[in-house]
Amino acid sequence: MEDKTLHIVILEDNPDDAELMVSELEREGFTIEWSRVDTEKAFREALDEKPDLILADYKLPSFDGMSAVKIRQKLAPGIPLITVSGTIGEELAVECVRSGATDYVLKEHF
């Protein structure tokens, strides 16, 4: 049987939203190993672990998804980053993709 374990970094200030993301992926049959970070410093450190995927909230109190996209492009360009947000519209989400995010998901559609 193929190992479906995903190692994910979740850039999110709301622990409940991070748990929801993980539970939705687990519902799809994935085994998830994950960590939640909410600062730029913690995000940079998490990239050293070479996760399989980054789920990044667009707006955090001290950091934002667009900055995360730029950091990921510089430090770990091969790791997919999906912007996840409930506060931005599709126009800003598309801008994130044009700036280097792999994709985006609106939280209400997660």
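One table, with the values for the structure above:
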read-out	value
The stretch 66-84: number of residues that are over 12 Å from T102 (Cβ atoms) and touching an Asp or Glu at 6+ places or on another chain (Cβ under 6 Å)	0
Answer from R44, R27, R98 - the residue that is out of contact with any Phe, Trp or Tyr (no Cβ under 8 Å at 6 or more places or on another chain) and at pLDDT 95 or above	R44
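The values are calculated or read from the model by the stated rules, or taken from the named source; none is laboratory data. Quick caveat, the model's predicted, so the values are computed rather than measured. With ideal geometry, Cβ positions are generated from the backbone for all residues, glycine too; neighbour counts draw on all protein chains shown.
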